[in-house]
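Comments concern the structure below.
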Amino acid sequence: MLRLGPIVKSKCPNCEKGSVFASGGNILKLKGPEMNTTCPVCEYKFEREPGYFFGAMFISYGLTIAQAMAVYFIIWTIGVDLSVDMIMLIITLVLVVLLFPNFRASRVIWMYIFTKKKI
Ligand SMILES: [Zn+2]
């Protein structure tokens, strides 16, 4: 069963102590998150094979769609009368802000799905 706490904190799927990312990235500086190659605590290799994180793209897609729908329903619930263009602009801005958190979360979720804890 997937535990949510270590996933949210981007911890190693093997030991749940070491950080997966050396830096979280900064959207204002256009600097993406930097991922450690191995866990600093247990030396677990994160990218198990070339192209391992290709599947994380599908997790990211699911997260993005869920967030876009959530933003739309929040706007709809508030009842503000906005044009479709304005709603799309708001959704786009929210998704741009969540770009790096989604990147990190999708990779961590992907690793947690396919990693058996050895400890
Ligand atoms: Zn570890």
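The values are calculated or read from the model by the stated rules, or taken from the named source; none is laboratory data. Because the structure is a prediction, the values reported are computed rather than measured. Positions of Cβ are backbone-derived with ideal geometry, glycine not excepted, and every protein chain shown enters the neighbour counts.
Name the residues in region 1-57 that are of a type in the set (Phe, Trp, Tyr) and surrounded by fewer than 12 Cβ atoms within 10 Å (Cβ to Cβ), would you?
If the condition is that a residue be of a type in the set (Phe, Trp, Tyr) and surrounded by fewer than 12 Cβ atoms within 10 Å (Cβ to Cβ), then Phe54 is the only one that fits.
State all residues of region 23-54 that are over 14 Å from Ala105 (Cα atoms) and small (Gly, Ala, Ser); if no residue qualifies, say none.
Gly51
Only one of these conditions is not met by Ile78: (1) surrounded by 14 or more Cβ atoms within 10 Å (Cβ to Cβ); (2) modelled with pLDDT under 95. Which number is it?
(1)
Within region 13-34, which residues are outside any loop (DSSP other than H, G, I, E, B) and more than 16 Å from the ligand (Cβ to nearest atom)?
Ser23, Asn26, Lys31, Glu34
May I ask you to say which residue of Tyr61, Tyr72 is of a type in the set (Ser, Thr, Tyr), in contact with a helix residue (DSSP H, G or I) (Cβ under 9 Å, 6 or more places away or on another chain) and in contact (Cβ under 8 Å) with a residue 12 or more places away in the chain?
Being of a type in the set (Ser, Thr, Tyr), in contact with a helix residue (DSSP H, G or I) (Cβ under 9 Å, 6 or more places away or on another chain) and in contact (Cβ under 8 Å) with a residue 12 or more places away in the chain holds for just one of Tyr61, Tyr72, which is Tyr72.
Residue pairs, Cβ under 7 Å, 6 or more apart or interchain, first in region 31-48 and aliphatic (A, V, I, L, M), second near the ligand (Cβ under 8 Å from one of its atoms) and in a loop (DSSP other than H, G, I, E, B). List them.
Val41/Cys12; Val41/Cys15; Val41/Lys17; Val41/Gly18
Considering every residue within region 81-98, establish whether at least one is surrounded by 11 or more Cβ atoms within 10 Å (Cβ to Cβ) and not hydrophobic (A, V, I, L, M, F, W, C).
Yes; the residues of region 81-98 include at least one that is surrounded by 11 or more Cβ atoms within 10 Å (Cβ to Cβ) and not hydrophobic (A, V, I, L, M, F, W, C).
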